[in-house]
Amino acid sequence: MTAERFDHPDVVICPGGPLLLRGEHLVADADGRMHRTTRPVSAVCRCGKSADQPWCDGTHKVLPDKQKP
Amino acid sequence: MRVPKARGELSEALTAAMQAETTGTTDAAAAWSRAHTAEATDDADRHLALWTMYELAYRGFDDVDEALEWHPELLALRRSLEQGFERELREWFSPPELDEPFGDALFALIEGVDGVSLASFVQREATVEQTMELLRYRTIYHLKEADPTAWVVPRLTTGPKAALMELQYDEYGCGDPNRLHSHLFVRGLDAAGLRSDYGAYVDDVPVEVLVQNNAMSLFGLHRRLRGAALGHLAAFEATSSMPSRRMAQGLDRLGLPAEMIAYYDEHVEADAVHEQLAVRTICAALVEEEPAQAAEVAFGALTCLGLEDRFARRMLAEWGAE
Ligand code: FES
Ligand SMILES: [Fe+2]
Ligand SMILES: [Fe+2]
């Protein structure tokens with residue numbers, strides 16, 4: 001028996017939602033401000049509508065389909 | 001914590017049996033036979049009895065012998081209450097078949113449930129008194145936040161197991177006790193002048209809170225219900241970010257302490273991550289390995305949302321705010 005290899009990407013694009021980042025990163029927001037990740041996995045906003053930039057705050061879920069990333 | 005105040009014949013008989021076993025001063029066999037034949041006075045009585053028996057698996061009671069957790073008489077009584085409870089849940093929350101891809105379908109199922117939101121009420125119109133009441137009731141879960149789901153870990157195969165731990169690690173503060181989510185809530189309670197000792201408000205909570213808590217313990221304690229446990233987790237996480245923002249805004253509007261606001265702020269950000277993990281990596285991985293669990297995941301998700309809706313309706317009715 002051989003051990004299975006699992007996909008475990010560092011960056012995951014969630015359909016219609018954020019981009020997940022695994023591990024420690026320094027993220028520059030749209031205004032060039034720096035934000036260090038603080039958790040094992042972080043969600044970076046892709047829709048531009050989060051009130052907690054650069055992080056996702058779930059707002060993408062209430063956007064009309066056309067505006068979802 | 002001490003054993004909660006009995007709410008009827010059944011919880012009273014259970015308390016008496018546990019006491020008899022603990023102190024050895026009264027006839028334990030007679031006490032158990034009374035507990036087995038006692039009719040629950042009402043739902044609150046039945047769910048308090050179940051809650052009390054479950055609690056032996058978490059933190060126990062200062063006035064009960066901890067060996068009772070695995071006492072055959074107690075387990076027999078627990079099992080009979082669980083069977084009735086699970087039957088009810090399956091009747092109330094029977095899930096539709098989910099399409100592919102599973103992650104999108106699960107998100108859609110959760111978004112399609114239009115439950116009443118206590119967070120919206122707190123955000124806009126709750127009084128300080130109502131909000132403090134809600135916070136007291138939330139202690140029953142938030143002080144054991146993530147614990148019922150931790151039981152699921154050893155029951156999973158490699159993929160979903162690693163995925164669940166990735167989420168749980170964050171709930172448990174990534175190893176830093178100061179960041180443990182239940183501890184953030186303790187800090188909020190202390191700052192708000194509420195009691196933060198475990199189980200402090202169990203005598204005050206409405207039956208709907210006991211039911212919510214019991215559903216999580218039922219799912220967590222039975223390997224057979226691992227799919228429901230993870231579906232419950234997914235629904236919980238996927239309905240947390242935006243409501244947590246509303247809670248934070250409501251607490252701020254009412255001038256409640258920064259520490260309590262911080263608990264909800266943390267959940268805006270954390271649960272935007274956790275919902276993706278719970279739905280896409282945890283539940284999807286489980287269903288990929290065990291396709292038969294898809295319906296169980298959906299059942300668990302609907303249970304989570306349905307029971308929160310019942311609690312919310314009860315509170316709004318009590319506050320005359322429907
Ligand atoms: S991607 Fe979630 S709020 Fe923008
Ligand atoms: Fe949490
Ligand atoms: Fe979470």
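Among the conditions (1) in contact (Cβ under 8 Å) with a residue 12 or more places away in the chain; (2) open to solvent by less than 10 Å² (accessible area, probe 1.4 Å); (3) polar (S, T, N, Q); (4) more than 24 Å from residue B:213 (Cβ to Cβ), residue B:303 misses just one, which is (4).
For every residue, the table says whether it meets (1) in a strand (DSSP E or B); (2) modelled with pLDDT under 95.
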{"site": "A:6", "(1), (2)": "no, yes"}
{"site": "A:15", "(1), (2)": "no, yes"}
{"site": "A:24", "(1), (2)": "no, no"}
{"site": "A:43", "(1), (2)": "yes, no"}
{"site": "A:57", "(1), (2)": "no, no"}
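Filter segment B:139-173 down to the residues that are in a helix (DSSP H, G or I), open to solvent by 40 Å² or more (accessible area, probe 1.4 Å) and free of Cβ contacts under 8 Å to residues at least 40 places away in the same chain, then identify the one that is nearest to residue B:263 (Cα to Cα). In this case the residue turns out to be B:169. For segment A:19-38, the count of residues that are surrounded by fewer than 17 Cβ atoms within 10 Å (Cβ to Cβ), within 16 Å of ligand 3 (Cβ to nearest atom) and within 12 Å of chain B (Cβ to nearest Cβ) is at least one.
Yes or no, residue by residue, for (1) more than 15 Å from the chain's Cα centre (by Cα); (2) open to solvent by 10 Å² or more (accessible area, probe 1.4 Å):
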| site | (1), (2) |
| --- | --- |
| B:197 | yes, yes |
| B:201 | no, yes |
| B:204 | yes, yes |
| B:212 | no, yes |
| B:217 | no, no |
| B:224 | yes, yes |
| B:232 | no, yes |
| B:243 | yes, yes |
| B:250 | yes, no |
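Here the condition is being modelled with pLDDT of 95 or more, away from chain A (no Cβ under 14 Å) and either within 16 Å of ligand 2 (Cβ to nearest atom) or open to solvent by less than 20 Å² (accessible area, probe 1.4 Å) (or both); of B:296, B:275, B:318, B:308, it holds for B:308 alone. Per the listing B:147, B:170, the residue uniquely under 23 Å from residue B:75 (Cα atoms), modelled with pLDDT of 95 or more and either within 14 Å of chain A (Cβ to nearest Cβ) or within 16 Å of ligand 2 (Cβ to nearest atom) (or both) is B:147.
The values are calculated or read from the model by the stated rules, or taken from the named source; none is laboratory data. Remember, it's a predicted structure, so these values are computed and weren't measured experimentally. Glycine also receives a Cβ, built like all others from the backbone with ideal geometry; neighbour counts cover every protein chain displayed. For accessibility, only protein heavy atoms count, side chains too; no ligands or nucleic acids. Shrake-Rupley method; radii C 1.70, N 1.55, O 1.52, S 1.80 Å.
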